[in-house]
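Here's the structure we're looking at; comments come further down.
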Amino acid sequence: MARSTARKRALNTLYEADEKNQHILSLLEERVKEPGAQTPLPEYAIEIVRGVGERRNRIDKTLNRYSTGWKVGRMAVIDRNILRIAVWEILLNDEIPDKVAIDEAIALAKTYSDDEAIAFIHGLLSAVVADKDACLAKFNGEAQDSGDASEDASAEAGADSGATTDETAAE
């Protein structure tokens, strides 16, 4: 199955978890065990959802850092989940070129969002890519700094979706 299709399926799963305020990884587990009327999730969709679910809080912190005027919690549900997928691909999936991650995010936004969101998504992701090394250092530093509760609380306040923790218990 094409990665574009897998991204759409991942977006559907992340959107559902966000809307239901359900833990991303528990919803993923449900979808893998019981796909329902849909075909089973493609492997790449599972990889995306698991990657975002395990690192959602850090991804949201990154989005908050590079977003101008809109914290993750204020973004439309669809837009923040498109951004989460793209940031995961840019920072944590070396198989996907940055330009492809941005192009795929824009394609999803063209299908599911509005023109203003497309420009916002493009600008935010371009800022992350332009500052990728510093962004990765900060991201990886946060991964090792488990004692920074104030940043976790700050990111949680900015993103009222999915889970109540960083969802990194598995890390």
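Taken together, the values in this text are just the output of simple stated rules run on the coordinates, not laboratory data. Keep in mind that this is a model prediction, so the values were computed, not measured. Counting neighbours? That spans all protein chains shown, and the Cβs are built from the backbone with ideal geometry, glycine included.
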Sum of side-chain charges, ALA37 neighbourhood, beta-carbon under 15 Å (Lys, Arg +1; Asp, Glu -1): 0
Eligible lysines near LYS8 by straight Cα distance, threshold 20 Å, same-chain separation 8 or greater: LYS20, LYS33, LYS99, LYS110
Theoretical gain in end-to-end length, ASP131 to LYS110 [0.36 nm per residue, Cα-Cα removed]: 5.1 nm
Full-extension gain in nm, ASN93 to VAL32, via 0.36 nm per residue minus C-alpha separation: 19.8 nm
11 Å beta-carbon shell around ILE118, net charge (K/R +1, D/E -1): -3
Mean Cα-pair separation over length for the stretch 1-142, i.e. relative contact order, pairs under 8 Å, 6 or more apart, %: 23 percent
Fully extended contour minus Cα-Cα distance, from VAL77 to ASP103, at 0.36 nm per residue: 7.4 nm
